[in-house]
Amino acid sequence: MPNADTSYFELFDLPQDFDIDQDRLAAVYRKLQATHHPDRFASADAATRRASLETAALINEAYQTLIDPLKRGFYLLRLAGVEAGPEHHTIKDGEFLLKQMAYQERLDGLADRDDPLAAVDDLRDQLEQEKQQLVEQFKAAYVEKDFDQALDHLTKLQFFGRLQSRLGDIEARLEEQLLD
Amino acid sequence: MALLQISEPGMSTAPHEHRLAAGIDLGTTNSLVATVRSGLAETLPDTEGRHLLPSVVNYSGETPVVGEAAMRMAAEDPANTIASVKRLIGRSLDEILATPAGRQYRFAESDDGIPRLITRQGEKTPVEVSADILRALKARAEATLGGELRGVVITVPAYFDDAQRQATKDAARLAGLNVFRLLNEPTAAAVAYGLDTGNEGVIAVYDLGGGTFDISILRLNKGVFEVLATGGDSRLGGDDFDHAIVDWIVEQMGEDRRSDPAGMQQLLAQARAAKEALTSEPETRITIERADGESWSGTLSRETFEARIEPLVKQTILACRRVLRDAGVSKDEVLQTVMVGGSTRVPLVRERVGAFFGKPPLVDIDPDRVVAIGAAQQADVLAGNNPDGELLLLDVIPLSLGIETMGGLTEQIIPRNTTIPVARAQEFTTYKDGQTAMSLHVVQGERELVADNRSLARFELRGFPPMVAGAARIRVTFQVDADGLLNVTAQELTSGVQASIEIKPSYGLSDEQIETMLRDSMAHAQEDLEARRLREEQVEADRVLEALDAALAKDGERLLSADERAAIDAARQTLETARAGDDHQAIRNAIEALEQASETFVARRMDSSVKDLMSGHRVTDFE
């Protein structure tokens, strides 16, 4: 079974690229869990059950890393020897930070709009577009092995992820209020 | 000994041997036991043909009485008749006293937070009461099947936290049951539904039981049941509909007997009957005997009832919204909504759920039996009866797990709806020179402040080598298993030292307390604690020998020298001899000796398996 040296890509028999075949990833995941999940060893001895638990947890970790573009990106960088995380990289791009603040303000003001839910949808589409752009930029930088630049794009992508998450929470609250 | 059957799961199952297994739905109001026989899953009735076992235990006499008989005693002796114990399990006394359930029974003073019900047969914890119900179901199953159960799958609400799950397992242990798996109720229902219809796609399971509400979103695909997200409320259920009617009656009557067990008993019984009547009738008459013996009568209309329960139903719909968002699917993607739990018969519930999802929910699967059926189907697979079976359940953790950090804040370690099993590691360091221990407080919930989350346990990690402050690198691994239970291990990385862990559960019985209960219950059931221990070790010895023999047959020649083989054979012989005897410690020692003797063999097998695995996988395998 996979040990620390097997990469998640190898585990799923996928090429080590940012673009992955989602269907194949899902199919391999199901097949791996069908073989290694603790349910297959419910009647086995204690040590076997423990080992299967660890293996299944590893498979889940690998799957969850590869299925999420952001996590996949950071993982690729880690494989390339670039440690990544907010504490490792500061965004120095002033223009980007200003843009972030503008988005935050828009989020704060959503509830006061005439048609808040329509405004939410608009903002959601915009954020999605921004993300797509950053993903393309990341891919380009990664392929060129310009890992610093790639890390920069990915960190910016993380900002947008947080904005989207906040947007989701705001939408939830708006929906609940409108239900009354 | 981790003799993992990498490419041939279930190979160790002796052919033609059907292992007795069962699924148990340990419900708030009713419990059931089901099994798979001749390929068909069915619930098992008692000698009078009744499938449902009311989750009611009476302690008026010498021994516990469970079920219908207990219900009949409820009117005469309500104080000693415990119903809906599922609302109490895994909760502290303070928590219980703050809920309607707390008003129904008398509890002993507690300095450890553990609730103890005062009964004529002594103080009973909710775990012991649940064990009495499980014993009755065990007896029913074994009598019907004519043999001892290898193991069971017991269902729990998806939204049950670690304490409630652990308590359920403790109850099973007390009842003498081997639990293969704790299974989430909505997942069990999805299994029954999915295996029955063969449908694929995204489904929602809306499970409104007596005491809990769960909403789960699953994807079904060729025998793989993947939970995308789960949500709910472990304190909202059909019982609350009953209490809403009780409150209405009290208002109308002008007399409040809710704090008097006999009075409450009557009120609840009438309320329940009224709720059921209003399912098919527009209004119903309720009659209550006043304290002074006079009779009071009132008419409850369906409109009034619906107005009363409206806020509760709305809460469930809000939970549906949240879980869809968590799952990342829209309402339109949901193919079908499966209704589970008796309270889903209430017309308002069906109406609102149908309106929300945009199509009428599925109601023709018996909402009372579907969970037990699904559990039985999984139990059959876990017992090893179906080695080529396709069934695979990928469930999730329902609540985020976090630890307490500076200032009473929660730092999230594992977010809710993460697929289990899952293991996450976090690194810590020491803050004092020579520090050899540390304490972690683990909580469950989504809030920022620790005080707003549910305290799970305190883990005391001990035994690190003393170092300069900040030099130690302590990796703590939080592992949640397939039952949804947390296990914590810790290792100091620079020295490689594994910490010893002492767990102090925030709400729960310690291992010692369980042992004491086991011994006490044994005395009543006239069983020998020693005999049970012996049996457990013998079962484990059998598993170890079976796994070893299979491994030796496959790779013994290839991977072992003559000397190495001889050493393993010798240890194996010792275990066989011990297994035939009646000294459980001797068996335990022999198992450990054999594991040590075969360590190298195991390692070699793993290595060669990895090579096989990696070289064996090709694109075409997965198409």
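Report, by residue number, each residue of the stretch B:593-623 that is within 11 Å of another protein chain (Cβ to nearest Cβ), exposed (fewer than 14 other Cβ atoms within 10 Å of the Cβ) and modelled with pLDDT of 80 or more.
Residue satisfying the conditions is B:Glu599 alone.
Matching residues to (1) surrounded by fewer than 23 Cβ atoms within 10 Å (Cβ to Cβ); (2) out of contact with any strand residue (DSSP E or B) (no Cβ under 8 Å at 6 or more places or on another chain):
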| position | (1), (2) |
| --- | --- |
| B:Tyr193 | no, no |
| B:Asn199 | yes, no |
| B:Ala204 | no, no |
| B:Asp207 | no, no |
| B:Gly211 | no, yes |
| B:Lys222 | yes, yes |
| B:Arg235 | yes, yes |
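State the number of residues belonging to the stretch B:313-342 that are away from every other protein chain (no Cβ under 14 Å) and more than 25 Å from the chain's Cα centre (by Cα).
5
Can you tell which of B:Glu303, B:Glu289, B:Glu281 is without any contact (Cβ under 8 Å) to a residue 40 or more places away in the chain and touching a Ser or Thr at 6+ places or on another chain (Cβ under 9 Å)?
Only one candidate passes the filter, namely B:Glu289.
Determine, yes or no, whether B:Gly384 is within 14 Å of chain A (Cβ to nearest Cβ) and either touching a residue at least 12 places away in the same chain (Cβ under 8 Å) or under 22 Å from the mean Cα position of the chain (by Cα) (or both).
In short, yes.
Out of (1) β-branched (Val, Ile, Thr); (2) in contact with a Phe, Trp or Tyr (Cβ under 6 Å, 6 or more places away or on another chain); (3) within 14 Å of chain A (Cβ to nearest Cβ), what's the single condition that is false for B:Ile215?
With respect to (1) β-branched (Val, Ile, Thr); (2) in contact with a Phe, Trp or Tyr (Cβ under 6 Å, 6 or more places away or on another chain); (3) within 14 Å of chain A (Cβ to nearest Cβ), B:Ile215 is out only on (3).
From the list B:Ile96, B:Ile133, B:Ile82, B:Ile89, which residue is under 29 Å from B:Val153 (Cβ atoms), touching a Gly at 6+ places or on another chain (Cβ under 8 Å) and of a type in the set (A, V, I, L, M, F, W, C)?
B:Ile96
Please verify whether B:Ala457 is more than 14 Å from chain A (Cβ to nearest Cβ), among the hydrophobic types (A, V, I, L, M, F, W, C) and part of a loop (DSSP other than H, G, I, E, B), treating the condition exactly as stated.
Considered against the rule, which asks whether it is more than 14 Å from chain A (Cβ to nearest Cβ), among the hydrophobic types (A, V, I, L, M, F, W, C) and part of a loop (DSSP other than H, G, I, E, B), B:Ala457 comes out as no.
Go through the residues of the stretch A:13-23 one by one and say whether even a single one is modelled with pLDDT of 90 or more, surrounded by 15 or more Cβ atoms within 10 Å (Cβ to Cβ) and either under 17 Å from B:Thr419 (Cα atoms) or within 11 Å of another protein chain (Cβ to nearest Cβ) (or both).
The answer is yes, given that some residue of the stretch A:13-23 is modelled with pLDDT of 90 or more, surrounded by 15 or more Cβ atoms within 10 Å (Cβ to Cβ) and either under 17 Å from B:Thr419 (Cα atoms) or within 11 Å of another protein chain (Cβ to nearest Cβ) (or both).
Provide a single number: the residues in the stretch A:1-48 that are over 30 Å from B:Ala379 (Cα atoms) and not in a helix (DSSP H, G or I).
The total comes to 14.
Being in contact with a helix residue (DSSP H, G or I) (Cβ under 6 Å, 6 or more places away or on another chain) and surrounded by fewer than 16 Cβ atoms within 10 Å (Cβ to Cβ), is that true of even one residue in the stretch B:118-139?
Yes, the stretch B:118-139 contains a residue that is in contact with a helix residue (DSSP H, G or I) (Cβ under 6 Å, 6 or more places away or on another chain) and surrounded by fewer than 16 Cβ atoms within 10 Å (Cβ to Cβ).
Being within 9 Å of another protein chain (Cβ to nearest Cβ) and either of a type in the set (A, V, I, L, M) or farther than 25 Å from A:Gln137 by Cα (or both) is true for just one of A:Ala56, A:Ala80. Which residue is that?
Being within 9 Å of another protein chain (Cβ to nearest Cβ) and either of a type in the set (A, V, I, L, M) or farther than 25 Å from A:Gln137 by Cα (or both) holds for just one of A:Ala56, A:Ala80, which is A:Ala56.
This table checks each residue for (1) among the acidic types (Asp, Glu); (2) within 14 Å of chain A (Cβ to nearest Cβ); (3) farther than 25 Å from B:Asp161 by Cα.
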| position | (1), (2), (3) |
| --- | --- |
| B:Val442 | no, no, no |
| B:Asn453 | no, no, no |
| B:Pro466 | no, no, yes |
| B:Ala471 | no, no, yes |
| B:Asp481 | yes, yes, no |
| B:Gly484 | no, yes, no |
| B:Ser500 | no, no, no |
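If you take the residues of the stretch B:142-162 that are of a type in the set (A, V, I, L, M) and surrounded by fewer than 24 Cβ atoms within 10 Å (Cβ to Cβ), which of them is nearest to B:Ile217 (Cα to Cα)?
Step by step, filter the stretch B:142-162, then rank; the result is B:Leu149.
Given the conditions (1) more than 7 Å from chain B (Cβ to nearest Cβ); (2) over 21 Å from A:Lys131 (Cβ atoms), which single one is not true for A:Ile67?
Condition not satisfied by A:Ile67: (2).
More than 29 Å from B:Ala188 (Cα to Cα), surrounded by 14 or more Cβ atoms within 10 Å (Cβ to Cβ) and not aliphatic (A, V, I, L, M), is that true of B:Gly298?
yes
Quick one: which of B:Arg103, B:Arg72 is surrounded by fewer than 16 Cβ atoms within 10 Å (Cβ to Cβ), in contact with a helix residue (DSSP H, G or I) (Cβ under 9 Å, 6 or more places away or on another chain) and either assigned to a helix (DSSP H, G or I) or touching a residue at least 24 places away in the same chain (Cβ under 8 Å) (or both)?
B:Arg103
Of the conditions (1) in contact with a helix residue (DSSP H, G or I) (Cβ under 8 Å, 6 or more places away or on another chain); (2) more than 14 Å from chain A (Cβ to nearest Cβ), B:Lys359 fails just one. Which one is it?
(1)
State whether one or more residues within the stretch B:343-353 are away from every other protein chain (no Cβ under 11 Å), surrounded by fewer than 16 Cβ atoms within 10 Å (Cβ to Cβ), under 30 Å from B:Glu255 (Cα atoms) and over 25 Å from the mean Cα position of the chain (by Cα).
Among the residues of the stretch B:343-353, at least one is away from every other protein chain (no Cβ under 11 Å), surrounded by fewer than 16 Cβ atoms within 10 Å (Cβ to Cβ), under 30 Å from B:Glu255 (Cα atoms) and over 25 Å from the mean Cα position of the chain (by Cα), which makes the answer yes.
Can you find a residue that is in contact with a helix residue (DSSP H, G or I) (Cβ under 7 Å, 6 or more places away or on another chain), more than 25 Å from A:Gly168 (Cα to Cα) and in contact (Cβ under 8 Å) with a residue 60 or more places away in the chain anywhere in the stretch A:103-123?
no
Please work out if B:Gln426 is within 14 Å of chain A (Cβ to nearest Cβ), farther than 30 Å from B:Val36 by Cα, touching a residue at least 24 places away in the same chain (Cβ under 8 Å) and outside any loop (DSSP other than H, G, I, E, B).
Spelling it out, B:Gln426 is indeed within 14 Å of chain A (Cβ to nearest Cβ), farther than 30 Å from B:Val36 by Cα, touching a residue at least 24 places away in the same chain (Cβ under 8 Å) and outside any loop (DSSP other than H, G, I, E, B).
The values are calculated or read from the model by the stated rules, or taken from the named source; none is laboratory data. Nothing here was measured: the structure is a model prediction, and the numbers come from that model. Neighbour counts run over all protein chains shown; Cβ positions are idealised from the backbone, glycine included.
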